[in-house]
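See structure below.
Just so it is clear, none of the values below were taken in a lab; they were calculated from the coordinates. Treat the numbers as computed from the prediction; the structure is a model and nothing was measured. Here the Cβ positions follow ideal geometry from the backbone for every residue, glycine too, while neighbour counts run over all protein chains shown.
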Amino acid sequence: MTARIVGLDIGSASVRAVEVKNPDKPSRMILKTQELPLPEGSVSRGEVIDVATVSMTIRRLWAMGGFGSKDVVLGMGGPRVLSRELTMPRAPIAQLRESLQFHVQDLLPVPVSEAILDFYPVSEANGDNGPVINGLLVAAVKEAVNANIAAVTRAGLRVAQVDLIPFALARALAPVGVARGLEAIVSMGANSTNVVITESGVPHFVRIIPSGGDDITRALSTRLKLAPQAAELTKRAVGLDAANATPDQRPAVEIVYEIAGEQLTSIRNTLTFHLNSHPGAQLTRIILAGGGSELRGVGRALAEMTGVQVVQGDPLGGVPVGKQMRASREQVVALTTAIGLTLGVEE
């Protein structure tokens, strides 16, 4: 295995990378990080639209970050990637993966021939017709994956692995051996919200909700006739804090409460769906992550809505950092996915 690997997170507004030494060993360490903004429209909901532009930005990212490795673990998420619970007859994992195409067409929004399929085993059990393996089907539209890979390879890099972003979040925020029973990770991004339910650090359920912090910003911009940057600043200033809002801020507060309330309701309903499907299951806590989790009062509101303890995730909790690396809390939160991608490197 390579001595260094870089986790690469291509978002809608920026591209982020984290280089880790000895990624598959207990001695792993974060060496370098870098983030650069992406031109508007070059990426949409995690899918590269303008390969040439994104590739050029990644080249600049590598030059500015001074990364010593060209081996990349690339994260994928967004509406054209899905994960569903799936039970298969027990068999070697390679055989299970080969047979997926014959079992999952009804679960896919596209023909099997247009999708990349994988299976993540979770547990074994005895079914009505013999031993089975319970796990997660992971499916992605080939077109979306190939566009993101093309942007990386055109930048002169090598894609060592492609990984599901929710899995990366689980490794960064609820690692095996540290996690506490049944936990939910809620990562609120700009355009989507990843919900991952883990048990002792093992993902059991994944949903990608197609809404995020930018929905609030756009609503403020449209309804209050604000420039996008002014709308973003207004969102951060008022948050979910009606008690301390000035009279002039009331219209903005009402909009934030409306859109954020819809998003929190979707999160609660997603968690409830999984828990109702597994009688007796009970969450110990919710771990918040992503830029959207920085909205003032969102953690408190989610705790009140779900009746579950909510804590802020710490992606650096299990990974030492090099002495030369300096990052603010906001920067570390933004790097959560990239950090988690490096932790999934296969030996």
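Ordering 167, 273 by the number of other Cβ atoms within 10 Å of each residue's own Cβ, fewest first, gives 273, 167. The phi-based Karplus calculation (6.51 cos²θ - 1.76 cosθ + 1.60; θ = phi - 60°) puts the 3J(HN,Hα) values of segment 237-252 at 6, 9, x, 9, 9, 5, 4, 9, 6, 7, x, 5, 8, 4, x, 5 Hz, whole numbers, x for Gly and Pro.
Given +1 on the Cβ of Lys and Arg, -1 on the Cβ of Asp and Glu, and no further charges, what dipole in debye does the chain carry about its Cα centre, rounded to the nearest 20?
Charge dipole of the chain: 960 debye, to the nearest 20.
Among 209, 153, 299, which residue has its Cα furthest toward the positive end of the charge dipole of the chain, with +1 on Lys/Arg Cβ and -1 on Asp/Glu Cβ? Working it through, the farthest residue towards the positive pole turns out to be 153.
Annotation note: GluC sites (Glu not before Pro) in segment 30-72 located in DSSP loop regions with a Cβ neighbour count of at most 11 within 10 Å are 40. The alpha-carbon of residue 225 sits under 20 angstrom from the alpha-carbons of these lysines, leaving out residues fewer than 8 places away in its chain: 235. Phi-derived couplings, Karplus 6.51 cos²θ - 1.76 cosθ + 1.60 at θ = phi - 60°, listed residue by residue for segment 12-25: 6, 10, 7, 10, 10, 9, 9, 9, 10, 8, 6, x, 9, 10 Hz, with x used for Gly and Pro.
Annotation: lysines with alpha-carbon distance below 30 angstrom to residue 21 (same-chain offsets under eight excluded): 32, 70, 323. In terms of surrounding Cβ atoms within a 10 Å radius of their Cβ, 173, 275, 302, 224 rank from fewest to most as 224, 275, 302, 173.
Volume per residue of the convex hull around the Cα atoms, evaluated for the chain, comes out as 145 Å³. Each residue in 235, 32, 225 was given a count of other beta-carbon atoms within 10 angstrom of its own, and listing them fewest first yields 225, 32, 235. If you look at the Cα atoms of segment 81-141, you get an Rg and a Dmax of 11.3, 33 Å. Under the combined filter of DSSP loop state and at most 12 neighbouring Cβ atoms within 10 Å, segment 43-93 retains none of its trypsin sites (Lys or Arg not before Pro). Estimated from helical segments only, the mean residue ellipticity of the chain at 222 nm is -10500 deg cm²/dmol, where each DSSP H run of four or more residues counts as -39500 (n - 2.57).
Computed over segment 152-285, the convex hull of the alpha-carbon atoms projects to a mean area of 11.4 nm².
What does the net charge come to around residue 220 if you take all other residues with beta carbon closer than 14 Å to its beta carbon, with K and R at +1 and D and E at -1? Please report the intermediate quantities before stating the final value.
Working: positive: 218, 223, 225, 235, 236, 250; negative: 214, 215, 232, 248, 254, 258.
Result for the local shell: 0.
Phi-derived couplings, Karplus 6.51 cos²θ - 1.76 cosθ + 1.60 at θ = phi - 60°, listed residue by residue for segment 272-280: 5, 4, 5, 5, 5, 7, 9, x, x Hz, with x used for Gly and Pro.
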